[in-house]
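Taking it in order: structure first as structure tokens, then the write-up.
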Amino acid sequence: MTRQRAVILEVLRSDMCHHTAEEIFELAKAKLPTISRATVYNNLKALESERLIRRITAEGTKDRYDNAFVPHGHLFCTMCSEVTDFQIPNFKEKLEGIAGDAIDSYELKVRYVCPRCKKAAAGE
Ligand SMILES: [Zn+2]
Ligand SMILES: [Zn+2]
């Protein structure tokens with residue numbers, strides 16, 4: 001593994017913030033000043049195709065990247081585009097029961113208005 005790739009993975013593992021490619025580039029650059037934007041974008045693509053990371057797509061917002069080590073779903077706020085992780089215990093096993101066999105992965109997107117935006121909308 002190249003140093004650049006290790007740094008990108010380190011950024012993605014260090015928090016669960018669902019960064020955009022641009023944010024990952026900034027964070028990687030802070031650790032490795034010589035890294036270029038193209039290197040970061042190319043590595044993100046490669047890591048995604050190797051399933052080491054996940055790309056989260058949603059309408060109206062930039063793609064974000066996530067580590068893929070723990071299966072989980074995402075709550076999307078339709079107002080501020082914030083992404084929050086959630087897990088349903090044994091959900092993968094339940095899906096496998098429905099599918100009748102082992103599954104590779106699943107994507108679960110839930111749209112809502114987050115508590116902060118709800119508060120702001122209510123003028124609190
Ligand atoms: Zn919100
Ligand atoms: Zn996530």
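Volume per residue of the convex hull around the Cα atoms, evaluated for segment 70-124, comes out as 85 Å³.
Can you list the aspartates and glutamates whose alpha carbon is less than 16 Å from that of K92, not counting same-chain residues fewer than 8 positions off? Qualifying aspartates and glutamates at Cα under 16 Å: D101, D104, E107. Label point of K92 set 7 angstrom out along Cα-Cβ; within segment 40-57, amide nitrogens under 20 Å from it belong to 47-57. Checking the a/c ratio against 1.5 first, then a/b against b/c, what shape does the Cα gyration tensor give for the chain? Oblate. May I ask you to list the lysines whose Cα is less than 19 Å away from that of K94, ignoring any residue fewer than eight positions away on the same chain? Excluding near neighbours in sequence, the set is K109.
Based on the Cβ-Cβ distance from A58 to A38, what FRET efficiency comes out when R0 is 41 Å, to the nearest 0.05? Calculated transfer efficiency: 0.95. Return the aspartates and glutamates within reach of K119: Cα separation strictly under 16 angstrom, same-chain partners fewer than 8 residues apart disregarded; answer none if there are no such residues. Excluding near neighbours in sequence, the set is E82.
All of the numbers you see were taken from the coordinates with simple rules; none came from a lab. Given the structure is predicted, the values throughout are model-derived calculations rather than measurements. We place every Cβ from the backbone using ideal geometry, glycine too, and count neighbours over all the protein chains shown.
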